[in-house]
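Each remark here refers to the structure printed beneath this line.
What follows draws every value from the coordinates through simple rules; no lab data is involved. Please read these numbers as outputs of a predicted model, since none were measured by experiment. Using ideal geometry, Cβ is built from the backbone for each residue, glycine included, and neighbour counts are taken over all protein chains shown.
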Amino acid sequence: MARFTYRLGFPIRMETRSIHEKYEILSVLGSGGYGKVFKARNRATGDFFAIKEIRMMSSEEGFPQSAIREAKALQMLSHPNIIHIDSIITIPKCYFVMEFCPTSLDRVIHGGKDLSIGEKICFFQQIMQAVSFCHQNNVIHRDIKPSNILISKENTLKLIDFGLSRIIKSESSNDLSNRVVTQWYRAPELLLGSHNYSFEIDIWSCGCLLYEILTKEVLFYTEEESDVAQINSITKICGSIPNNVMFDSKSSINSLETYLVSKGISSIPYAIDLISKMLNIDPAQRPQATQVLSHPFFVK
């Protein structure tokens, strides 16, 4: 465990007693490449928590890089719309103890409940507040999607899963992996193989997310899991994607706006303008998160 705290480079509350001594495991909330997430109850207080069990690759490799990145990011990012990590427990395995939220944005969007326009705008505003705070602290999330946004019982949205996040020291970097972001929300520059990108890829994902909140549909949906299929899905709506960033993206914006009008989004003031800006094919032309928050779309 000393190796883990050393690599983090800052203090973190660690607990060495058994997870079962402090918490009662109630159910499995989900699982994936990272391990499993459980709903648990603190035996002393009765409070509920989400506990992520970290899947260890081998004793020689130590902690997965994704776990280290997530711990680093969550310790840096104290914000009402970002999930809070309470502690790390190391017995019998490694566990992240985090606040519990009863549902996700994905379930709300694609469930039976219809949100009002005001609720949709409020939800998206909370998402952008979280993303803006990440970017102000030089963190790119790199996997923004509905299932990575939880909703508390007070209807507060919480951005989660920072396993793919990166802390960058400058506005862009040329050594970043392009195998990030879930396919439907992946920006064109990533699909074209770019290793030189920055916060703009999160803005693209958020633009896709806004469309999905408003319509209950995935904008760039494709059944095939491949970059080529995803590029084709984007070009059907936005037009051709050039291989360089120095181009006039006006025709692409017009194609997207025409599609958005056909989906009835013109009835929501300023929604088409905001989505079109966030989904600009040219990453240099996408607004910053702070600029998105000042857009007239959010004016009550």
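In the chain, helical runs assigned H by DSSP with n ≥ 4 each contribute -39500 (n - 2.57); averaged across all residues and rounded to the nearest 500, the mean residue ellipticity at 222 nm is -10500 deg cm²/dmol. Taking the longest Cα principal axis of the chain as reference, the axis of helix 200-215 is set at about 80 degrees. Size descriptor for the chain, Kirkwood hydrodynamic radius: 20.3 Å (Cα pairs only, one decimal).
Counting beta carbons within 10 Å around each of Thr290, Thr182 and listing the fewest first gives the order Thr290, Thr182. Can you list the residues of the stretch 262-297 with backbone N under 19 Å from a point 7 Å past the Cα of Lys216, pointing along Cα to Cβ? Residues passing the 19 Å test: 262-268. Once the C-beta distance of Cys122 and Ile268 is scaled by a Förster radius of 22 Å, the resulting FRET efficiency is 0.95 to the nearest 0.05. Taking 7 Å steps out from each Cα toward its Cβ at Ser78 and Asp114 produces label points 4.3 nm apart. Each Cα pair under 8 Å and six or more residues apart adds its separation to the average, and for the chain the resulting relative contact order is 14 percent. Extending 7 Å from the Cα toward the beta-carbon at both Ser226 and Met14 defines two label points whose distance is 4.6 nm.
In terms of distances greater than 28 angstrom between alpha carbons, the cross-link table entries Lys153/Lys236; Lys72/Lys216; Lys120/Lys169; Lys72/Lys153 yield Lys153/Lys236; Lys72/Lys216; Lys120/Lys169. Helix 65-76 and the long axis of the chain differ in direction by around 90°, with both axes built from C-alpha atoms. Taking 0.36 nm per residue of separation and subtracting the Cα-Cα distance, full extension of the segment from Thr290 to Asp106 would add 63.8 nm. Compared with the dominant Cα axis of the chain, that is its longest principal axis, helix 250-262 is turned about 80°.
For the pair the stretch 75-124 / the stretch 270-300, the C-alpha centres are spaced 24 Å from each other.
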